[in-house]
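Input: a single structure, listed below in structure tokens.
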Ligand SMILES: Cc1cc2nc3c(=O)[nH]c(=O)nc-3n(C[C@H](O)[C@H](O)[C@H](O)COP(=O)(O)O)c2cc1C
């Protein structure tokens, strides 16, 4: 039952619903797991199960440590993490119920927090095996090279934990290229809180920063680490506790005063020197091979792990590696304070730089206004390049209905806003100049006469049904099971 304390508790719950499979072995030297994942998504989309590959071949060696992926595919999995009852494959319903759940974690406009608790080492599964110094050798574990063009193997889903004397704790997900048995890259983009923590340490005259990286943690803490839900100075583990309704259990590191999730699969302890070297390239989250970069790195001092640990791997640009829904909710709440008739904000998991916004339009110009707000990087924390605004009768998670609205309600002129240069994430492969992109708002709401729309906009068939024969939908919902009985 949610909240799950560990990755494997959650995986077990997925397995009970038939949404997690175990596969005997895969040869990643032939990129078998990557090709499998693409094919899995092609065939099953949001119904694609999470998977655990029991053994994997990497660099000619068979590793007996399982590799796990795709555990957040479909909003039914997100709903499951938040303890929604009656999980189904109705994606819109699962999305909207999860949004309501996430909204319930707000108190007076702030995320509810529950401080983490510290547990004894003997009660911390992540301490079942402790490797220090030369024994802390990363090459013992199957870190995955996802793509032939990646610069190497990556610890792709680690949560970096750091402390700052004034700001407290930060937890953020940053990729780590495996650079040697005791060395990884640590790629903090300069918008990240992690980067701020490092630069602040540099400003204090420190020449290195203690870090600990937890791999394979409970689903809510993993979501917190992967999204900018907690503001700078807020502890992601305390916010995760608020979402969980139960504290996150932490345990002290072996080589520093940092505290890490006790139920993690792995914890990698080390330090990040104030030094830069080459990293990458890497198949990035937008689905393209990124450029080589100059970034910080980490020297590994200890590795602690569960007995028979699982490597949780993320294949950026394929499937459900992490959940973004709560991030949308955080942004919706913030923007709703300025524009109360903003009803929904949806970022399709496949395309982080596109959002669909649903409004209860009352006045001309509100579609474009809503779109402009979402385009503002500082307002939503992740750059959007394209915003599609739809009326309240269009379910934004149902892309068929969004396309229908675009095809039938949208007039490219005048119901578009083109911005020639605005701040954008540098990993977008279509931009020429780092951080600069053109952007567009597509106002696919019904255009009012004052906006150049027709004097009378005809009602669409489905809306008429929903308004004038609502009982028919209730009846069908009630009889749903019967239609499929043999
Ligand atoms: C699997 C995965 C990998 C990520 N890799 C990076 C990365 O390498 N560098 C980065 O700056 N952000 C990366 N992100 C995005 C950050 O985790 C996200 O912006 C988060 O908010 C960072 O935490 P912070 O806000 O405390 O900095 C990644 C996210 C995920 C889910």
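A few comments on the model shown:
- Of the residues 75, 473, 457, the one with the fewest other Cβ atoms within 10 Å heads the list, and the complete ranking is 473, 457, 75.
- Annotation for the range 329-365 versus the range 419-486: alpha-carbon center distance of 11 Å.
- Ranking of 463, 304 by count of other Cβ atoms within 10 Å, fewest first: 463, 304
- In this rough spin-label picture, where each label sits 7 Å from Cα along the Cβ direction, the residue 291-residue 44 distance is 3.8 nm.
- DSSP finds beta bridges in the chain, and of those with both partners inside it, around 75 percent are antiparallel.
- Listed peptides 211-217, 442-448 by packing density, highest first (mean Cβ within 10 Å): 211-217, 442-448
- Label-to-label distance, nm, for residues given as residue 339 and residue 485 (7 Å Cα→Cβ offset): 4.8
- The packing ranking, built from the mean of other Cβ atoms within 10 Å per residue, places the peptides 24-30, 374-380, 246-252 in the order 246-252, 374-380, 24-30, highest first.
- Nearest 10 degrees, 0 to 90: helix 470-483 Cα axis against the chain principal axis: 50
- For the range 325-471, the relative contact order comes to 20 percent (Cα pairs under 8 Å, sequence separation of at least 6).
- Of the peptides 345-358, 256-269, the ranking by mean beta-carbon count within 10 Å, highest at the top, reads 256-269, 345-358.
- Overall Cα dimensions of the range 177-319 - principal axes, largest extent first, Å: 41, 40, 34
- The chain - Kirkwood radius from inverse mean 1/r over Cα pairs (Å): 23.8
- Treating r as the C-beta distance of residue 92 and residue 299 and R0 as 51 Å, the FRET efficiency rounds to 0.60.
- Considering every alpha-carbon pair of the range 379-486, the percent of pairs per 10 Å bin, from zero through the bin containing the longest distance, is 12, 29, 28, 17, 11, 3.
- Mean sequence separation of contacting Cα pairs (under 8 Å, at least six apart), scaled by the length of the chain, corresponds to a relative contact order of 14 percent.
- CD proxy at 222 nm, helix term only [per DSSP H run n ≥ 4: -39500 (n - 2.57); per residue of the chain; nearest 500]: -8000 deg cm²/dmol
- Over 23 Å [Cα-Cα, the range 26-112], rounded percent: 43
- The range 159-177-the range 241-275 distance, computed between alpha-carbon centres (Å): 10
- For 31, 44, order by how many other beta-carbon atoms lie within 10 Å, fewest first: 44, 31
- Rounded, prolate or oblate (a/c below 1.5 giving rounded, otherwise prolate when a/b exceeds b/c) for the range 69-175 by Cα gyration tensor: oblate
- In the range 325-471, the DSSP beta bridges split such that about 50 percent are antiparallel, to the nearest 5.
Coordinate-derived values only; no laboratory data. Just so it is clear, the structure is predicted and the values come from calculations on it, not from any experiment. Neighbour counts run over all protein chains shown; Cβ positions are idealised from the backbone, glycine included.
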